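Undergrad: Quick one: the structure is below, and I'll ask about it shortly.
The values are calculated or read from the model by the stated rules, or taken from the named source; none is laboratory data. A quick note: this is a predicted structure, and the numbers were derived from the prediction, not measured. A quick note on method: Cβ atoms are made from the backbone with ideal geometry, for glycine too, and the neighbour counts reach across all protein chains shown. For the accessible areas, the whole protein counts, side chains as well, though only heavy atoms, and no ligand, DNA or RNA atoms are used. Shrake-Rupley method; radii C 1.70, N 1.55, O 1.52, S 1.80 Å.
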Amino acid sequence: MDKQDADRHYRDGMVLGTTLQVPAEMWPPDRAAFDRYWQAQLDKVHIDDTVRDYLYPIAVARMRGRTLPESLRRLPEGLALLITTGFLPQRFRDEMRFSWDPDKQRRFDRLIAVLRTVNNLMPRFVRRFPFNVLLWDLDRRIKAGRPLV
């Protein structure tokens, strides 16, 4: 991603963040400042057994209360775990006790390349879904004076 795209995504993130009640003045002024803030926050986070037990079902996208047979759960959970683990910094992989090796990195890189290609081929409206619909609803609620939640 080039600098212009990265800056645009940062600004888009600021817009989304303000809809989640993060005031604009709390956002670091630029990506470099955000990176410094983010790194400082990451240094404060550590994963213990309790946190690991809570996060693992989220990492594998396991729905609570819905149990599929093991044979049907394996593929989607494995895919979700590959994607989740691929985006984690190595320290968090280690703390979550997720194994990672060059083969998994290659699989992750191939999957992301395929997803990027598919995403780029989709119409803009579809690529932005559901965020475009959520922002439309937010605007509609604000104009009507209705609560956001």
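Undergrad: Name the single residue that is nearest to Phe92 (Cα to Cα) among those in the range 44-62 being modelled with pLDDT under 90 and outside any helix (DSSP H, G or I).
TA: Ranking the candidates gives Val60 first.
Undergrad: Is there any pair linking a residue in the range 95-116 that is closer than 12 Å to Thr84 by Cα to one that is not in a helix (DSSP H, G or I) and not hydroxyl-bearing (Ser, Thr, Tyr), with Cβ under 9 Å and at least six apart or on different chains, and which?
TA: Qualifying pairs under 9 Å: Met96/Ile47; Met96/Leu88; Phe98/Leu88; Trp100/Leu88; Phe108/Trp100.
Undergrad: Pairs under 9 Å by beta carbon, first residue on the phi > 0 side of the Ramachandran plot in the range 1-25, partner surrounded by fewer than 12 Cβ atoms within 10 Å (Cβ to Cβ) and modelled with pLDDT under 90, six or more apart or different chains?
TA: Listed by first residue and then by second, the contacts come to Gln21/Leu148.
Undergrad: Next question. Pairs only if they're at least six apart or on different chains, beta carbon under 7 angstrom, first in the range 138-149 and in contact (Cβ under 8 Å) with a residue 60 or more places away in the chain, second among the β-branched types (Val, Ile, Thr); list them, first residue then second.
TA: The qualifying pairs are Leu138/Thr19.
Undergrad: Hey, among the residues in the range 15-31 that are assigned to a helix (DSSP H, G or I) and open to solvent by less than 50 Å² (accessible area, probe 1.4 Å), which one's modelled with the highest pLDDT?
TA: First, pick out the residues of the range 15-31 that are assigned to a helix (DSSP H, G or I): 15-19, 24-26, 31.
With open to solvent by less than 50 Å² (accessible area, probe 1.4 Å) added as a condition, the list becomes 17, 19.
Values: Gly17: 85, Thr19: 80.
Within the range 15-31, the match that is modelled with the highest pLDDT is Gly17.
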